[in-house]
Amino acid sequence: MMPDSFELGPIRPPSEAYSLLIRVTKNCSWNRCKFCHIYKGQRFELRPVEEVKQDILAARAIQDGLKALAQKSGYGGSLEAVAAAVLSNPPNEAYFNVAMWLNHGGTSAFLQDANTLIMPTPDLVEVIRFLKQTLPSITQITSYARSKTAAKKKPDELKALHAAGLSRLHVGLESGYDPLLEYMDKGVTAADHIKGGKNVVASGISLCEYVLLGMGGKKMWREHAVETARVLNQIDPEFIRVRTLTVKQGMPLYDDVQSGAFVRSSDEELVEEEKRLIENLDCHSYFVSDHITNLLQEIEGKLPEDKDKMLAAITRFQSLSPEERHNFRVGRRVGIYNELDDMANAQKHQLAEHAIEKLSDDGKQVSDETIYFLMERFI
Ligand code: SF4
């Protein structure tokens, strides 16, 4: 009998929320970055190809079961309707994932965990081919990769992966500033980022580079912004996505923050850093801010044509009075606001004022520490 579950890893990018998740490797092959707690204490493993194939067959069995249910039940043959019903009461996480995937068209898959590209190329090609044969509705297959691994792969290997069906790689660039990469024990240099990124772009695989706002802290934010832009300009990836530094127990960086060795940037400083980053970008990427940790999620557009529009969103925030900036920061971090336009809603504005009264000692000013805490609740 076909198993009714399969293995899932802990994370995927926000843009892969509706993808089928197939765990090809387990945990992180590097696992040393100071700002990351996801896989700490977990050993990296390459999963055997046969085991991954069994998971793909299990996903297929769940999909077929839901299709049969759609035919038999009172859902008028609508697979989406059955998937939506399963989402409200899934028997397990794998069912939830398949139902979510089907409910959004069933076209994309994400290969977990942190650095799938490290798998021997023939094995990864075999997994991708099997996935496409078994679930032919999938037209987009994406994964995470480290720049170091992408820099080591031969151009022909990356081309073979693209030909097999690997559509996009998500790479944690984080920063292009070498002293900061070293301090954070990222295990790559700016030169590795450039080589790895260029290798991916040349292969035809779409590339999404992630930048970590706030990673430089109060000490290195300027160099972080300028050098990151320099590296991105050389890679010219299809997507640049920003997310904001969070500090949680279990990260080595947590101890540095406690000891004062690393001093975090405030929201206002993060916005200034992002401004400097965008000003220095001279590439043709889509810039996306869809991560929940970002203060200004509306900073989004195609470079270079939307650069002024993106900078205007920053100027708009910076032009607010200090009280209104504080209102927005708190409202955003408690989940009242999604974007600056939401401040025009009197009810939301009032709610943000109430939140300030509740969360501050003096009824006026919420501390940076409390604001960090509010942001970190979301992840
Ligand atoms: S490479 Fe990625 S997953 Fe691995 S430790 Fe660094 S940030 Fe975390």
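The values are calculated or read from the model by the stated rules, or taken from the named source; none is laboratory data. None of these values were measured; they are calculated from a predicted model. Because the Cβ atoms are built from the backbone with ideal geometry, glycine has one as well, and the counts that use them run over all protein chains shown. To get the accessible areas, we keep the full protein, side chains included, count just its heavy atoms, and leave off ligands, DNA and RNA. Shrake-Rupley method; radii C 1.70, N 1.55, O 1.52, S 1.80 Å.
Compute the accessible area per residue over region 24-95, keeping the other protein chains in place, probe 1.4 Å, unit Å².
Values: 3720 Å² over 72 residues.
Here the residues of region 24-95 average 52 Å² of exposed surface.
Report, largest value first, the span of the C-alpha coordinates of region 204-268 along each principal axis, in whole Å.
Dimensions of region 204-268 along the principal axes of its Cα atoms: 44, 25, 19 Å.
Taking only Cα atoms, what is the 0 to 90° angle, nearest 10, from helix 190-203's long axis to the longest principal axis of the chain?
Between the helix axis and the principal axis of the chain, the angle is about 40 degrees.
May I ask for the equivalent-ellipsoid semi-axes of region 67-211, computed as the square root of five times each C-alpha gyration tensor eigenvalue and listed largest first in whole Å?
Semi-axes, largest first: 36, 18, 11 Å.
Calculate, axis by axis, the spread of Cα positions in region 191-347 along the three principal axes, and write the results as whole Å, longest axis first.
Answer, in whole Å and largest first: 50, 41, 23 Å.
Quick check on region 261-376: what does the Kirkwood estimate of hydrodynamic radius come out to from the alpha carbon pairs, in Å? Each step should come with its number before you reach the end.
Details: mean 1/r = 0.0670 Å⁻¹.
Result for region 261-376 stands at 14.9 Å.
Could you give me the ³J(HN,Hα) list for region 259-270, computed from phi with Karplus coefficients 6.51, -1.76, 1.60 and θ = phi - 60°, whole Hz, x at Gly and Pro?
Per residue, the Karplus-derived 3J(HN,Hα) values read 7, x, 5, 10, 10, 6, 7, 7, 4, 5, 5, 4 Hz.
What is the sum of charges, Lys and Arg at +1 and Asp and Glu at -1, for the other residues whose Cβ falls under 12 Å from the Cβ of Leu213? Could you put the intermediate results ahead of the total?
Working: positive: Arg241, Arg243, Arg264, Lys275, Arg276; negative: Glu174, Asp267, Glu269, Glu272, Glu273, Glu274.
Combined, the nearby Lys, Arg, Asp and Glu give -1.
Show me, for region 109-125, the HN-Hα J-couplings you get by feeding each phi into the Karplus relation (A = 6.51, B = -1.76, C = 1.60, θ = phi - 60°), rounded to Hz, glycine and proline as x.
Karplus values, whole Hz, x for Gly and Pro: 9, 10, 8, 8, 9, 6, 8, 4, 4, 6, 4, x, 3, x, 5, 5, 4.
Can you tell which of Leu340, Leu320, Leu232 shows the greatest fluctuation in a Gaussian network model of the chain with Cα springs below 10 Å?
Maximum among the listed residues: Leu320.
Between helix 49-72 and the chain, what is the angle of the helix's C-alpha long axis to the longest principal axis, kept within 0 to 90° and rounded to the nearest 10?
90 degrees
Given region 136-271, what whole percent of its Cα pairs are spread farther than 27 Å? Present the calculation step by step, with values, prior to reporting the outcome.
Details: 2363 of 9180 pairs.
The calculated P(r) of region 136-271 puts 26 percent of pairs beyond 27 Å.
Using Cα springs under 10 Å in a Gaussian network model of the chain, which residue among Ser266, Ser321, Ser147 shows the largest mean-square fluctuation?
Highest fluctuation among the options: Ser321.
Excluding Thr293 itself, calculate the net charge of residues whose Cβ lies under 12 Å from the Cβ of Thr293, where each Lys or Arg counts +1 and each Asp or Glu counts -1.
Working: positive: Arg241, Arg243, Lys248, Arg332, Arg333, Arg377; negative: Asp267, Asp290, Glu376.
Computed value for this residue: +3.
Which entries in Lys152/Lys218; Lys40/Lys152; Lys195/Lys309; Lys219/Lys248; Lys307/Lys358; Lys34/Lys198 show an alpha-carbon gap greater than 28 Å?
Numbers: Lys152/Lys218 33 Å; Lys40/Lys152 24 Å; Lys195/Lys309 31 Å; Lys219/Lys248 20 Å; Lys307/Lys358 38 Å; Lys34/Lys198 26 Å.
Where the Cα-Cα span goes over 28 Å, the pairs concerned are Lys152/Lys218; Lys195/Lys309; Lys307/Lys358.
Counting DSSP beta bridges with both partners in the chain, what percentage is antiparallel, nearest 5? Write down the numbers at each step before the final one.
Numbers: 4 of 32 bridges.
So the antiparallel bridges amount to about 10 percent of the total.
Taking H placed 1.01 Å from N in the peptide plane, check which residues at least 5 places from Val24 or on another chain put their amide H under 5 Å from its amide H.
Those qualifying (amide H under 5 Å, at least 5 residues apart or on another chain) are Gln112, Asp113.
Convert each backbone phi in region 349-360 into a coupling constant with the Karplus relation 6.51 cos²θ - 1.76 cosθ + 1.60 (shift: θ = phi - 60°), then list the ³J(HN,Hα) values in order as whole Hz, x for Gly and Pro.
Values per residue, Gly and Pro as x: 4, 4, 4, 5, 4, 4, 4, 4, 4, 6, 8, 9 Hz.
Counting only heavy atoms of protein chains, what accessible area per residue, in Å², does region 206-353 have with a probe of 1.4 Å?
Numbers: 6000 Å² over 148 residues.
In whole numbers, region 206-353 has 41 Å² accessible per residue.
Helix 307-319 against the longest principal axis of the chain: what's the angle in degrees, Cα atoms only, rounded to the nearest 10?
Taking the Cα atoms of the chain, the angle to 307-319 is about 40 degrees.
Grab the other residues whose beta carbon is less than 12 angstrom from that of Gly260, score K and R as +1, D and E as -1, and report the net. Walk me through the numbers before you get to the answer.
Working: positive: Lys218, Lys219, Arg264; negative: Asp255, Asp256.
Within the 12 Å Cβ shell, the charges total +1.
What is the calculated FRET efficiency for Lys248 to Asn338, with r their C-beta to C-beta distance and R₀ = 35 Å, to the nearest 0.05? All intermediate terms of the calculation are to be shown ahead of the outcome.
Working: r = 23 Å, r/R0 = 0.67.
In this case the efficiency is close to 0.90.
Among the Cys residues of the chain, which have no other cysteine Cβ under 4.7 angstrom away?
Flagged as lacking a Cys partner: Cys28, Cys208, Cys283.
Which value results for Rg/Rh of the chain when Rg is the Cα radius of gyration and Rh the Kirkwood radius based on the inverse mean 1/r?
Checking Rg against Rh, the ratio lands at 0.99.
To two decimal places, what compactness ratio does region 3-158 give when its Cα radius of gyration is scaled by 2.2 N^0.38 Å? Provide the component values of the computation, followed by the final result.
Details: Rg = 16.4 Å, N = 156, 2.2 N^0.38 = 15.0 Å.
Rg over 2.2 N^0.38 Å, computed on Cα atoms: 1.09.
If I compute solvent accessible area with a 1.4 Å probe over the protein chains, what percent of it on the chain is carbon and sulfur? Each step should come with its number before you reach the end.
On the way: 8360 of 16530 Å².
About 51 percent, which is the carbon plus sulfur part of the accessible surface.
Relative contact order for the chain: what percent, with Cα pairs under 8 Å and sequence separation of 6 or more? Intermediate results must be reported in sequence, preceding the final value.
Details: 682 pairs, mean separation 47.5, N = 379.
Reported as a whole number, the value is 13 percent.
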